[in-house]
Amino acid sequence: MSNYDVIIIGAGPGGYVSAIRCAQLGLKTAVVEGRDTLGGTCLNVGCIPSKALLHASHMLHEAEHNFAAMGLKGKSPSVDWKQMQSYKDDVIGQNTKGIEFLFKKNKIDWIKGWATIPAAGKVQVGDDVYEAKNIVIATGSEPASLSGVEVDEKIVVTSTGALELGKVPKKLVVIGAGVIGLEMGSVYARLGAEVTVIEYLKNITPGMDVEVSKAFARSLKKQGLKFIMGAAVQSVSATKTKAKVRYKLLKNDSIAELDADIVLLATGRKPFTAGLGLEALGVALSDRGQVKTDAHWATNIAGIYAIGDAIDGPMLAHKAEDEGMAVAEVMAGKAGHVNYSVIPAVVYTNPEVASVGQTEEQLKEAGRAYKVGKFPFMGNGRAKAMFAGEGFVKILVDQSTDRILGAHILGPNAGEMIHEICVAMEFGASAQDIAMTCHAHPTCSEAVREAALACGDGAIHV
Ligand code: NAI
């Protein structure tokens, strides 16, 4: 059978990006992927299709709520769900075919099927055994289950089923106010569903800067999403057309029920490593099922590496991509590096939420002396022209050095604007460095500069 320098298992953002970098560095590379298309969860049933539906439903929201005020009169568009689905599928197809093209361009072999690792240096797919100097596990993650909740991907769905419902539900109950629950909840709320989110904790999006999380919750409530906070879902009973969600309110242990047409289970994801044969091989796993790696993504078995959602850290496509490039460099004898303290996180709702670095709560807990610079989008002319004056930019800096420690944005294009701060943090910049940088007017990014100014002598437009 063929011999390779590297075989990567999984063609998601971690695996395919790693493969391209390996090939660029002169390594003979193959990727094993069992799906019919490349791109993994992100491109096929995750990031990309959800962004298509978020975009389409945002356009509808604009037409319904803001067009008339701008002098754009006429009947609001109605939803052709079948066409919206085919638009979404077309976006997926363009992206997955793009990766196939990149594989051909870089002479990367796609081995179709599901892999096992019978021994170090060997990858088996069906009856074929391939040899490789190095193997990279990039198998990603799958939805975590919740006891008492049986997923059928029709009435009780995960994010996968939520992307291809037969129709827009009248009543959608979302379990978990994390990123998936809020993004998909927003889509269906905009398309006309009554959406109720049940969350165990007292704030939405755990881990987010609490001030931002609270403002975000207020914004989503204004858009019509309902929240039941401090409630643990205990079970879901479903028929072929309806479901009943049973939950316990933690403040008084009372039990309540909610009817739904569709229930979305969005209580987290877990590493997808079953079937690889890792236990038999003796690859060390954490008690959460993550493949244990060292600082260079090496497992305890020589020649086997792991990256992305299968290992520790935030389950984000761009974190997996960075690890994929870095591990390729390590395998090619170079110094691969990922700066884990500067990994942005974005929630693609409207307004968007983006953050990087530390939250105010983390700084308090670490006993760090810090300053806060904030600026509201209401003071930004461009945002107001876009009906997007909601939200703010918040920058956290070291009190004595002014070095940026974290930044959090709730507002228009937050997911694009955060990168200015990521670059600044990579360069070890101070808020003053951003404040002294000329920003084009009128742009939403001026709010970032204003927040940086607010860390020093003060913002101008408040
Ligand atoms: P999550 O971990 O973000 O949120 C899950 C929520 O469910 C938590 O708030 C938790 O307290 C709650 N919960 C757990 N058990 C519960 C129960 N019994 N009753 C009520 N609430 C309960 O998980 P999510 O949203 O499923 O996302 C999974 C992963 O995918 C995350 O790591 C996320 O970062 C990633 N992702 C990232 C996206 C992005 O970057 N835009 C988009 C989609 C997913």
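Structure notes:
- The chain - accessible surface per residue (Å², probe 1.4 Å): 46 Å²
- Along the stretch 427-434 the Karplus relation, 6.51 cos²θ - 1.76 cosθ + 1.60 evaluated at θ = phi - 60°, assigns HN-Hα couplings of 8, x, 6, 9, 4, 4, 4, 5 Hz to successive residues, with x for each Gly and Pro.
- Calculated diffusion of the stretch 156-267, Stokes-Einstein form, Kirkwood radius summed over Cα pairs, 37 °C and 0.692 mPa s, µm²/s: 235 µm²/s
- Relative contact order, percent, the chain [alpha-carbon distance under 8 Å, six or more residues apart]: 15 percent
- When the solvent-accessible area of the stretch 198-292 is split by element, carbon and sulfur atoms take up 53 percent of it, the probe being 1.4 Å.
- Contact order relative to length of the stretch 241-363, as percent, for alpha carbon pairs under 8 angstrom and 6 or more apart: 12 percent
- Convex hull volume per residue for the chain, taking Cα atoms only, in Å³: 170 Å³
- Taking every DSSP helix (H) stretch of at least 4 residues in the chain, weighting each as -39,500 (n - 2.57) and dividing the sum by the residue count yields a mean residue ellipticity at 222 nm of -9500 deg cm²/dmol.
- Cross-linked pairs K112/K167; K104/K292; K112/K171; K221/K384: Cα-Cα separations exceed 30 Å for K112/K167; K104/K292; K112/K171.
- Once backbone amide H atoms are built at 1.01 Å from N, K171 has E194, D261, I262 as its partners under 5 Å, excluding neighbours fewer than 5 places away on the same chain.
- Highest average packing first - 451-458, 80-87, Cβ atoms within 10 Å: 451-458, 80-87
- Straight-distance crosslink candidates among aspartates and glutamates, where the alpha carbon sits under 15 Å from K82 and sequence neighbours closer than 8 are dropped: D90, E164
- Out-of-range pairs (alpha-carbon distance over 19 Å; input K170/K240; K170/K242; K202/K226; K154/K270): K154/K270
The values are calculated or read from the model by the stated rules, or taken from the named source; none is laboratory data. Note that this is a predicted model, so its numbers are computed, not measured. Glycine also receives a Cβ, built like all others from the backbone with ideal geometry; neighbour counts cover every protein chain displayed. Surface areas here come from the heavy atoms of the whole protein model, side chains and all, with no ligands, DNA or RNA. Shrake-Rupley method; radii C 1.70, N 1.55, O 1.52, S 1.80 Å.
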